[in-house]
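Asks: The following block contains the structure, expressed as structure tokens.
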Ligand code: NAD
């Protein structure tokens, strides 16, 4: 049974069936927070994840499979979290997708989908949880943006636009809550080896005409990430735990880089 400083708090982590969101769920649960998981995946795998969290930390862990590209499902997810756990104290907007294509070929429907999941869902979860956080006198909103919230790369028009939007939204909410016990911040990962990035690696290997996966990874890190090492999901989870702490109560409207030096260049 976890007895950390988040014991009794309830966290909704979107896109937490995989990658960074799953690691954030682990780290928050390890500090005692109850968790609402969300995201796609095989139902048996998701149930295994849920049971592992319950078993490891003794917290309540629930799952809701809302598709965050749809406003009505975002609303259903927040309503579920509130009705099952009573309130949402910690909101982590992590769900996100990527699509790589030159802008003139970028499918408009994919643009709409990336913007809906990566940006609009963040607006909806915030507007639906913030009033209760203010009333209860505690709240932590953490938006998983990206180094691509500050700088661009080619062929990622929708993703880069959405992540820049997330950082703008984070600043607005950070200001609007500045005199309250609620904080709103973004975290900005560089490359993290998750399924989202593995797909990009696989595509580059397929298009490279014979390069190995190791060579492509070396090239990707070499292009962007001075550390030449992936950021880990656990490191990002621990950054989120810090942002939930009292020590971070005056971190407001920030976008915190964890990018192996990507944005220092
Ligand atoms: P991932 O693909 O491992 O996980 C994405 C999660 O979002 C999964 O749980 C997936 O099921 C969920 N998801 C996808 N579409 C959804 C939808 N319509 N509704 C609900 N859930 C949905 O990816 P990840 O790398 O862990 O990415 C997590 C976040 O981190 C994203 O916002 C991503 O942009 C950001 N990020 C990732 C990296 C990286 O290098 N991996 C770098 C910077 C930022």
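Values in this text are rule-based calculations from the coordinates and carry no lab data. The shown structure was predicted, so the numbers you read here are calculated from the model rather than taken from an experiment. All Cβ positions, even for glycine, are placed from backbone atoms using ideal geometry, and neighbour counts span all protein chains on display.
Asks: Expressed as an acute angle from 0 to 90° and rounded to the nearest 10, what is the orientation of the C-alpha long axis of helix 19-30 relative to the principal long axis of the chain?
Replies: 30 degrees
Asks: Project the alpha carbons of the chain onto their principal axes and report the range along each, largest first, in whole Å.
Replies: The Cα atoms of the chain stretch 55, 39, 35 Å along the principal axes, largest first.
Asks: Compute the helix-to-body angle for 233-243: its Cα long axis versus the longest principal axis of the chain, expressed 0 to 90° and rounded to tens.
Replies: 40 degrees
Asks: Right, here's the next one. Calculate for the chain the 222 nm mean residue ellipticity that helices alone would give, adding -39,500 (n - 2.57) per DSSP H run of length 4 or more and normalising by residue count, nearest 500 deg cm²/dmol.
Replies: Result for the chain, helices only: -14500 deg cm²/dmol.
Asks: Work out, step by step, the length gained on full extension between residue 200 and residue 176: first 0.36 nm times the residue separation, then minus their alpha carbon distance; give nm to one decimal.
Replies: 4.9 nm
Asks: Can you tell me which of 86, 210, 39 moves the most in a GNM of the chain? Springs connect C-alpha atoms under 10 Å apart.
Replies: Among 86, 210, 39, the largest mean-square fluctuation in the Gaussian network model of the chain belongs to 210.
Asks: In the Gaussian network model of the chain, springs joining C-alpha atoms below 10 Å, which of 78, 197, 61 carries the largest mean-square fluctuation?
Replies: Greatest mean-square fluctuation among the candidates belongs to 197.
Asks: Sticking with this one: Expected output is a single nm value to one decimal: the length gained when fully extending between residue 76 and residue 113, i.e. 0.36 nm times separation in residues minus the C-alpha distance. What is it?
Replies: Value of the extension gain: 11.5 nm.
Asks: At q = 0.18, 0.21 Å⁻¹, what is the base-10 log of I(q)/I(0) for the stretch 1-153 according to the Debye formula with one equal point scatterer per Cα and no solvent? Please give it to two decimals.
Replies: One equal scatterer on each Cα of the stretch 1-153 leads to -1.05, -1.35.
Asks: At q = 0.22 Å⁻¹, what log₁₀ I(q)/I(0) does the stretch 32-90 have when each alpha carbon counts as one equal point scatterer in the Debye sum?
Replies: Log-scaled intensity ratios, in q order: -0.91.
Asks: Can you tell which of 15, 58, 149 shows the greatest fluctuation in a Gaussian network model of the chain with Cα springs below 10 Å?
Replies: 58
Asks: Expressed in nm to one decimal, what extension gain is obtained for the pair residue 246 and residue 48 from 0.36 nm per residue of sequence separation less their Cα-Cα distance?
Replies: Taking 0.36 nm per residue and subtracting the Cα distance, the gain is 68.0 nm.
Asks: Give me the compactness ratio for the stretch 165-228, meaning the Cα radius of gyration over 2.2 N^0.38 Å.
Replies: Dividing the Cα radius of gyration by 2.2 N^0.38 Å gives 1.67.
Asks: Additional query: Take each of the peptides 108-114, 235-241, average the number of other beta-carbon atoms within 10 Å over its residues, and list them starting from the highest.
Replies: Per-residue mean Cβ counts within 10 Å order the peptides as 235-241, 108-114.
Asks: Quick one: angle between helix 43-57 and the longest Cα principal axis of the chain, in degrees between 0 and 90, rounded to 10, please.
Replies: 60 degrees
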